[in-house]
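> After the structure tokens below, expect a handful of questions from me.
The values are calculated or read from the model by the stated rules, or taken from the named source; none is laboratory data. Being a predicted model, the structure only gives us computed values, none of them experimental. Quick reminder, even Gly has a Cβ in these numbers, built from the backbone with ideal geometry, and neighbours come from all protein chains shown. Please note that ligands, DNA and RNA were not included when accessible areas were found on the heavy atoms of the full protein model with its side chains. Shrake-Rupley method; radii C 1.70, N 1.55, O 1.52, S 1.80 Å.
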Amino acid sequence: MTHIDLSVHEVQENLNPFAISQAQLDEAAEVLGLDPDMHAFLRQPMRELHFTIPVRMDNGRTKTFPAFRVQYNDARGPAKGGLRFHPDETIDTVRALAAWMTWKTAVADIPLGGGKGGVICNPRQMSQGELERVSRGYMRGIAHFVSIHRDVPAPDVNTNPKIMAWMLDEYERIHGRHEPGVITGKPPELGGSAGRGPATALGSIVAIREATHALGLHTHGSTCAIQGYGNVGSAAHKLGSEILGLEVVAISDEFGALYNEKGLDYEQVSAYVRRHGRLEGFPEAEDISNSELLELDVDVLTPAAIENQITRRNAHKIKAKIVAELANGPTTPEANDILVENGTFIIPDFLCNAGGVIVSYFEMVQNSSNFYWNESEVNRQLDQKMTRAFLAVHQMAEEAGVDHRVAAYLVAVNRVAQAVRLRGWV
Ligand code: NAD
């Protein structure tokens, strides 16, 4: 008798980020009754650049790195979006991230479109010299594809202000003039904005504050678990405790997670991470796994690491009242439906993590006027924009009777489609 292993034949959940971004748009298009021609146009990126970067390595050999820049949609203004250096980077991840940037700039109501870039490389295995040559090579590849009027890159996973400085310098050498607004997330000495570093986390703190108000919860003493302890996850720990009085009971990085029911002190943890380079071994906590962290009974769960962390396999075990998506694409569509059914309040990624691009936009404004604001002015304007964006989405969710992710899409897609229509493209 033949035994059939049913698990092999189980339909796999599609984890391709671009397919996920298209499925999310499809759902919103159906609720909106979007014109089919407009829908077809918005499902695809408008432009893509695929190129290679030959880099002289320290050992004298030349290594060739594949690279991409995607301009998903620029109907509302120049494309805007970060650049990732990652060994597992794929064109579909870059396409999805560029689509999410399009919806993010629209939901934040800033006059920009959406783009994204990526280089398939492993910065952990490169010297500083090799990293600089890859960064300058990337800018040489895109120098005639981007400009302050067309497309403005910024940092993302594994890229930082130092890399932005090399890229700005390369662009200005090629074009023979100063043009600081062509890239954001720069060091302040080269035209970077005050407050850009913690902006993404600060924006999410505003969104969490508004969500707790909407749910009638108190932020002070509410418990929080944060997955991922990089730029945004660690800043969310600091600002969540300082500004909202959240009790951060669990944090993690790619090597594992820490739990302390009495709360983890930001200063102690960050001093430990500076010394050891990772969270593992921090003495004031119990070691747990990343999947246990996601399933903790906390008020706020903040995925701040990578895509596809909440899937149909674990969504039914999530107990948090609020899932504040600091990472891009941490929840699959099937998992989203399970969370919504269980009454979880989701602050969707392109709303929750819009603070970074909002302050990048402020950076472009300051660069073009050559006049710089102080950090409290930046934070005040950021709070205002994030609060407006959150309330527009929340109001849409109530009026249309949909969950917050669909509501965010309705707000964003309406705005982008309107700009496309006014330009007469569709
Ligand atoms: P980062 O590289 O600084 O940090 C990523 C963190 O996630 C690290 O602590 C890493 O150890 C951890 N991590 C990686 N894989 C993990 C896993 N499987 N389980 C648990 N932890 C894991 O990156 P970042 O800039 O903090 O970005 C994190 C997320 O936020 C990404 O999805 C990024 O696209 C998104 N985001 C960042 C910004 C920004 O301004 N930096 C803006 C918008 C969105």
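> Mind listing the long-range amide H neighbours of Ile53? Cut-off is under 5 Å, sequence gap 5 or more, other chains count too, H placed in the peptide plane at 1.01 Å from N.
So Ile53 has HN proximity to Phe65, Ala67.
> Going through the DSSP H helices of the chain, which span 20 Å or more along their own axis at the Cα atoms while scoring at least 0.5 as a mean Kyte-Doolittle hydropathy?
What comes out of the filter, once short or polar helices are dropped, is 91-107, 199-215.
> Regarding the stretch 8-118, what is the average projected area of its C-alpha convex hull, in nm²?
Projected over every direction and averaged, the Cα hull of the stretch 8-118 covers 10.1 nm².
> At 1.4 Å probe radius, can you tell me the per residue accessible area of the stretch 37-174 in Å²?
Value returned for the stretch 37-174: 37 Å² of accessible area per residue.
> A further question follows. To check my understanding: the extent here is largest minus smallest coordinate of the Cα atoms along each principal axis. What are those three numbers for the stretch 66-172, in Å, largest first?
The Cα atoms of the stretch 66-172 stretch 39, 30, 20 Å along their principal axes.
> Amide H of Arg312: which non-local residues (sequence gap of 5 or more, or other chain) have their own amide H closer than 5 Å, using H built in the peptide plane?
So Arg312 has HN proximity to Ala335.
> Compute the distance from the alpha-carbon center of the stretch 29-73 to that of the stretch 76-106, in whole Å.
8 Å
> For the stretch 47-190, which whole-number percentage of the solvent-accessible area (1.4 Å probe, protein heavy atoms only) is attributable to carbon and sulfur atoms?
On the way: 2750 of 5460 Å².
It is 50 percent, rounded to a whole number.
> Still on this structure, please answer the following. Quick one: net charge of Ile243's neighbours, Cβ under 11 Å, K/R +1, D/E -1?
For residues surrounding Ile243, the net value is 0.
> Using θ = phi - 60° and the Karplus form 6.51 cos²θ - 1.76 cosθ + 1.60, what ³J(HN,Hα) does each residue of the stretch 289-294 get, whole Hz, x for Gly and Pro?
Once rounded to whole Hz, the list reads 9, 4, 6, 5, 4, 5.
> Just for the stretch 47-190, what percent of DSSP beta bridges are antiparallel, to the closest 5?
DSSP beta bridges in the stretch 47-190 are roughly 65 percent antiparallel.
> Report the gain in length on full extension from Thr311 to Ser369: 0.36 nm times residue separation, minus Cα-Cα distance, nm rounded to one decimal.
16.4 nm
> Regarding the stretch 282-426, what are the three Cα extents along the principal axes, ordered largest first, in Å?
Computed over the stretch 282-426, the largest-to-smallest principal extents equal 50, 43, 24 Å.
> In addition: Figure the gain on full extension for Arg278 and His178 (residue separation times 0.36 nm, minus the Cα-Cα span) and round it to one decimal in nm.
Values: separation 100, 0.36 × 100 = 36.00 nm, distance 3.86 nm.
Working it through step by step, the gained length comes to 32.1 nm.
> Would you kindly state how much longer the chain becomes between Asp26 and Ser376 on full extension, computed as 0.36 nm times their sequence separation minus their alpha carbon distance, in nm to one decimal? Each step should come with its number before you reach the end.
Numbers: separation 350, 0.36 × 350 = 126.00 nm, distance 3.97 nm.
Full extension of this stretch gives 122.0 nm more.
> Another question about this same structure. What are the extents of the Cα atoms of the stretch 164-317 along their three principal axes, in Å, largest first?
56, 38, 34
> So which lysines pass the test for Lys317, namely a Cα distance under 30 Å, with those fewer than 8 places away in the same chain ruled out?
Leaving aside lysines fewer than 8 places away in the same chain, those within reach of Lys317 are Lys104, Lys238, Lys262.
> Using square roots of five times the C-alpha gyration tensor eigenvalues, list the equivalent-ellipsoid semi-axes of the chain in whole Å, biggest first. Please report the intermediate quantities before stating the final value.
Values: eigenvalues 190, 143, 116 Å².
So the three semi-axes of the chain are 31, 27, 24 Å.
> Enumerate the amide H contacts of Gln44 below 5 Å, restricted to partners 5 or more residues apart or on another chain; note that Pro and chain-start residues carry no placed amide H.
none
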